[in-house]
1. Kindly provide the set of residues from the range 129-144 that are on the phi > 0 side of the Ramachandran plot and either touching a Pro at 6+ places or on another chain (Cβ under 6 Å) or part of a strand (DSSP E or B) (or both), ordered by number.
2. Would you point out the residue of the range 102-115, among those that are within 22 Å of residue 56 (Cα to Cα) and open to solvent by less than 10 Å² (accessible area, probe 1.4 Å), that is farthest from the chain's Cα centre (by Cα)?
3. Go through the range 121-135 residue by residue and tally those that are among the small types (Gly, Ala, Ser), open to solvent by 50 Å² or more (accessible area, probe 1.4 Å) and under 13 Å from residue 168 (Cβ atoms).
4. Among the residues of the range 35-61, write down those that are modelled with pLDDT under 90, among the hydrophobic types (A, V, I, L, M, F, W, C) and at negative phi.
5. Provide a single number: the residues in the range 136-156 that are within 15 Å of residue 173 (Cβ to Cβ) and open to solvent by 20 Å² or more (accessible area, probe 1.4 Å).
Amino acid sequence: MKRVFKNKGLAAALLGAALCLPGIASAGVVWNEKGLAGAGDLLNTAQVTYDSSFNALDAITGALTTSVAVGGNPLYQVDLYKIRINAATFSARTTSDSDFDTALYLFDAAGHGVYSNDDADGLLSLLPSGHGAGPLSDGVYYLAVAVGGFIAHDASNLASFLSGGSNDVLGGDPTAGPLAGWTEGFLNFEEAARSYRIALTGATNGELPEPASLGLLLAAGLGAVAARRSARKS
């Protein structure tokens, strides 16, 4: 167990060093929802975003599907993703490629609500950067996308986010516990899968690459810096 923690510490240290080097930044990646089951809706079933080169995570795409509950009302799933963010620059928004009324929710690493939004831009959603209710520290977070009106709640059925208008950016309720479930906001009688695209800033993948991968990234960056210095001298 101690060895695992040491490797994670080394990976984080190498990542920090690599990201500080000039000229290492590369084009971002788009995470496409993986697997037949897709992303789950709780922390233990969330889909973990990953990129071995630790590129910026520019967007997440996927689709919400339905199951038909007793009584015949189709229930849409919620998709939850594990990501890593820079608190100062993070933002998330659903784009016009999303063909339904969306809602976005951000949770911290323990599953507590940070902030959410339903209809900042018509039926599209926005978690803006620099917002007073936004994240305060860098690290692992969980980003959820759902059909508008869904309510996240803890094990006592207390809503994870404060109440407000559908256009408002809502902060997390500090009295609520970790995410434990979801409640549908209104009845929906459609069964078609709903595609979405979430554009991101200040985000990277949820899992740290292995230390060896980060070491190669760091070495490549150092080599690039040395080459530029050599070129300037010649």
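The values are calculated or read from the model by the stated rules, or taken from the named source; none is laboratory data. Quick caveat, the model's predicted, so the values are computed rather than measured. So basically every Cβ, Gly included, is an ideal-geometry build from the backbone, and we count neighbours across all protein chains shown. Note: accessible area is taken over every heavy atom of the protein model, side chains too, but ligands, DNA and RNA are not part of it. Shrake-Rupley method; radii C 1.70, N 1.55, O 1.52, S 1.80 Å.
1. 139
2. 115
3. 1
4. Residues satisfying the conditions are 36, 37.
5. So the count comes out to 4.
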